[in-house]
Amino acid sequence: MNSLIIGGTGPTGHFIVNGLRERGHNVTLLHSGRHEIPETSEGVKHIHADAFSEDSLKDALKSLSFDLCITAYGRLRRIAELMTDHTDRFISIGGVPAYRGFMNPWLFDPPGLPVPISEEDLLVQVEKEDEKGWRIVRTEEAVFQNHPNATHFRYPYVYGSYQLVPREWCIVRRILDNRPHIIVPDDGLTLSSFGYAENLAHAILLAVDQPEISSGKTYNCGDEEVLSLRKVIEIITSAMNHKWEIVSMPWKIAVPARPLMMQPLPTHRVLSIEKIKRELGYRDVVKPAEGLVITAKWLAENRPEKGGQEEKMLQDPFDYEAEDKLISAWKGLLESIPEISYRQEPGWGMHYSGPGGQPRSNTDFQ
């Protein structure tokens, strides 16, 4: 089978390419040529073109035809139109901002998405509510208008090597800089769906293997296990043998944590992946904790330039002086709170029987 991958040099690309090669596909990789990934297997043909330029794509593809096209980069709407003459099967990768409220949580009252979000939930239909999400939905519609048997994937944030906006660098750099503390909002309990690169590539390959099931459908994808922000920090901290204090603050003042949160509220953003599990048999091939360790160690070995593109994209200034002042002020405020006495100290409720909860009425089990 002849397969074309448009993009393929980002976090999931080499996993997809190599997975296709293992399946016996003849693979052509169309990308800009600015990034050559050493993990890409040998025997792959490279076409250098601008995936955002219709003219460049037309010139590069000319009379070429493929059994399968996987589009992981570029102007998807135009690519979908162009590839009608060049492929029998089309698989596309888009984003979860298609869901109403994903980028604008204030569309719900109280603010925040339903948990979890399934493929049947509301998409952005009003441009003024979320311009980016509205464009994404229109693009998805264009994919199926041009390729009724297409399969479309809604990616969450991807972690792994070659991520241009490596959220984990906010943690890893602070560890490498030997920081004694890191700030999290609301104890870091926010849940957000993410996807380790190899897991997301596995989802794509499941669709490649099962066209009779996946054709004409859209799937959420992401890790099965959804980790809290605090858990992410703890996993990376342990893997890098660092010790520090995780300082919890209310969301409104935990400003240095914004790049880690990647959203304007600490509400949850969790995807339901039950559809892809049920229909295509998806399961994580790499546990999220393992994927985070791999990612953190890769970043430590391939450090983004200080003040370079990745840090600009993250919008993390790594302003340690300001962080120290904030932590000092917050701890001073906590110390200034007077001790409060209660007529009766509030409890956890009679249903709770864990540590500190309701004691057993009979110490001997009969």
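What the table below lists for this structure:
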read-out	value
Spin-label model distance (nm) - Glu335 vs Phe365, 7 Å beyond Cα toward Cβ	4.6
Unsatisfied cross-links (Cα-Cα over 25 Å) in the set Lys45/Lys312; Lys217/Lys277; Lys231/Lys297; Lys128/Lys275	Lys45/Lys312; Lys128/Lys275
Global geometry of the range 68-157, whether rounded, prolate or oblate, following the gyration tensor of its Cα atoms and the 1.5 cut on a/c	prolate
Surface share of carbon and sulfur [accessible, 1.4 angstrom probe, percent] for the chain	50
Protection-proxy order for peptides 90-99, 124-133, each taking the mean of Cβ atoms within 10 Å per residue, highest first	90-99, 124-133
Cβ-based net charge around Asn302, under 15 Å, with every Lys or Arg adding one and every Asp or Glu removing one	-3
Positive-end extreme of charge dipole, the chain - chosen from Val226, Trp106, Asn26 (charges on Cβ)	Trp106
Estimated 222 nm signal from helices in the chain, with DSSP H stretches of n ≥ 4 weighted -39500 (n - 2.57), rounded to 500	-10000 deg cm²/dmol
Rounded to 5, percent antiparallel among DSSP beta bridges of the chain	5
Summed residue charge, Cβ within 14 Å of Glu54's Cβ, Lys/Arg positive, Asp/Glu negative	0
Ile37-Ala60 pseudo-label distance in nm [points 7 Å out on the Cα-to-Cβ vector]	1.5
Accessible area of the chain divided out per residue, in Å², using a probe of 1.4 angstrom	52
Prolate/oblate/rounded call for the range 229-293, Cα gyration tensor, a/c under 1.5 rounded	oblate
Angle in degrees between helix 197-209 and the longest Cα principal axis of the chain, rounded to the nearest 10	40
Shape of the range 1-131, Cα gyration tensor, a/c cut at 1.5	prolate
Rg to Rh, two decimals, where the chain supplies the alpha carbon set and Rh follows Kirkwood	1.03
Surrounding net charge for Asn149, when Lys and Arg each add one and Asp and Glu each subtract one, Cβ distance under 14 Å	-1
Between the range 262-327 and the range 1-50, the alpha-carbon center distance in angstrom	24
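The values are calculated or read from the model by the stated rules, or taken from the named source; none is laboratory data. Note that this is a predicted model, so its numbers are computed, not measured. Every residue, glycine among them, receives a Cβ derived from its backbone with ideal geometry; neighbour counts consider all protein chains shown. In case anyone asks, the SASA skips ligands and DNA or RNA and just uses the protein heavy atoms, side chains included. Shrake-Rupley method; radii C 1.70, N 1.55, O 1.52, S 1.80 Å.
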